[in-house]
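Quick notes on the structure that follows.
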Amino acid sequence: MPKTLEKPKTRIVNMHEAKTNLSKLVEAVENGENIVIARNGKPAVQLSKLEQKAFTWSAKMLKHLKKRNPNAHLEPDPFPKIQEKDDFHDPFEEKEPHQ
């Protein structure tokens, strides 16, 4: 008879315990456990593991960030999966006034 996959048990912790043991709770979630944080005995939030997704910075955005903070350490790239795109619209870019 094939084994059935059991749904992971959900552990409910109070806010104080969550603040005190946050790193342990994060490790538990990374290992597949479900954690719910309760406030005053009522479930408030659920900790969940993030899926790794590629993060994309555009060349224009990197230039904008470097201009705003010349001392920023954008190299070497702290995000190994970043790909540059040139289609970023800079909302802070100054436009010429209408005539």
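Look at residue 31 and say whether it is modelled with pLDDT of 75 or more and loosely packed, with under 10 Cβ neighbours inside 10 Å.
Working: modelled with pLDDT of 75 or more: yes; loosely packed, with under 10 Cβ neighbours inside 10 Å: yes.
In short, yes.
The lone criterion from (1) modelled with pLDDT of 70 or more; (2) under 20 Å from the mean Cα position of the chain (by Cα); (3) of a type in the set (A, V, I, L, M, F, W, C) left unmet by residue 57 is number (1).
The values are calculated or read from the model by the stated rules, or taken from the named source; none is laboratory data. The structure presented is a predicted model; accordingly, all values stated were derived computationally and were not measured. Glycine gets a Cβ as well: all are built from the backbone with ideal geometry, and neighbour counts include every protein chain shown.
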